[in-house]
Amino acid sequence: MRLLFAEDDPMIGAGVREGLAQDGFAVDWVRDGAAAERALAENVHELVLLDLGLPRVDGLDVLAAMRRRGDTRPVLVLTARDALADRVAGLDAGADDYLTKPFELAELAARLRALARRASGRAAPTIELPGVSIDPATREVRVEGAPVALSGREYALLEALSARPGAILSRAQLEERLYGWKDAVESNAVEVHLSSLRRKLPEGFIRNVRGLGWMISPRKASA
Ligand code: CA
């Protein structure tokens, strides 16, 4: 899950980036509102975590501009403790949720997962696909009921593909889900991780569509 994180406080920024990375998020951290707007224009993030008190462009203005453009990506705002007016203003400007500082990383990660779930039209916490179930909270994957161990990259690919079974994701789209800006990407990384992932899943579960990319087959494969 690729996340844009806008926060000018270096301590909070580093701590949250580190914690969410351990929770399986690919986090791109920007330090001011103008950088946040440039990153949003790239349209590669699925979730936005936005501090409201940001230099250069205020977080509320970033959010309001997003919604005016019709950008519907889920936004969780971070506000100062007891700043009721900020929370109200954030929600009214189009935020989907908020947390007040200081907050617990576990709660932040859980709220982000909930936003991602709702954005993908799911209410249930686990993703049930033919022969495969995925629990985004624990990142546990089961094939025909039996747990399988996936690496972080393998899990990220499966999560990206399972958000819309039947939709084809290109190699570039999958690369975007796997790597933040700072990560070096080897040229065949997606193929390598996909090939080991496919070996752990039922035959035909992830299909290659020649020249276009990969998809999860919406129907149970006939073995
Ligand atoms: Ca701030």
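Here are the numbers:
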| item | result |
| --- | --- |
| Count - residues of the stretch 202-216 that are in a loop (DSSP other than H, G, I, E, B), within 23 Å of the chain's Cα centre (by Cα) and closer than 28 Å to PRO147 by Cβ | 1 |
| Which numbered condition LEU112 fails, given (1) in contact (Cβ under 8 Å) with a residue 40 or more places away in the chain; (2) under 15 Å from MET1 (Cα atoms); (3) assigned to a loop (DSSP other than H, G, I, E, B); (4) hydrophobic (A, V, I, L, M, F, W, C) | (3) |
| Subset of the stretch 74-92 [in a helix (DSSP H, G or I), more than 21 Å from ARG113 (Cβ to Cβ) and either more than 15 Å from the ligand (Cβ to nearest atom) or among the small types (Gly, Ala, Ser) (or both)] | LEU84, ALA85, VAL88, ALA89, ASP92 |
| Conditions (1) at pLDDT below 95; (2) of a type in the set (D, E, K, R); (3) touching a helix residue (DSSP H, G or I) at 6+ places or on another chain (Cβ under 8 Å); (4) at negative phi; number of the one not met by GLU140 | (3) |
| Scope the stretch 50-73; condition surrounded by 20 or more Cβ atoms within 10 Å (Cβ to Cβ) and either assigned to a strand (DSSP E or B) or away from the ligand (no atom under 16 Å from the Cβ) (or both); matching residues | LEU50, ASP51, MET66 |
| Cβ pairs under 7 Å, 6+ apart, first in the stretch 25-50 and not assigned by TED's automatic domain parsing to the domain that holds ASP9, second modelled with pLDDT of 95 or more | none |
| Those residues of the stretch 1-26 which are farther than 14 Å from LEU105 by Cα and away from the ligand (no atom under 14 Å from the Cβ), in sequence order | MET1, ARG2, LEU3, LEU4, ALA26 |
| Test: residue in the stretch 40-49 that is within 16 Å of the ligand (Cβ to nearest atom) and outside any loop (DSSP other than H, G, I, E, B) | yes |
| Given (1) modelled with pLDDT of 95 or more; (2) surrounded by fewer than 18 Cβ atoms within 10 Å (Cβ to Cβ); (3) more than 30 Å from THR72 (Cα to Cα), index of the condition LEU197 fails | (2) |
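The values are calculated or read from the model by the stated rules, or taken from the named source; none is laboratory data. No experiment lies behind these values; they were computed from the predicted model shown. Heads up, the Cβs are rebuilt from the backbone with ideal geometry, glycines too, and the neighbour counts pull from every protein chain shown.
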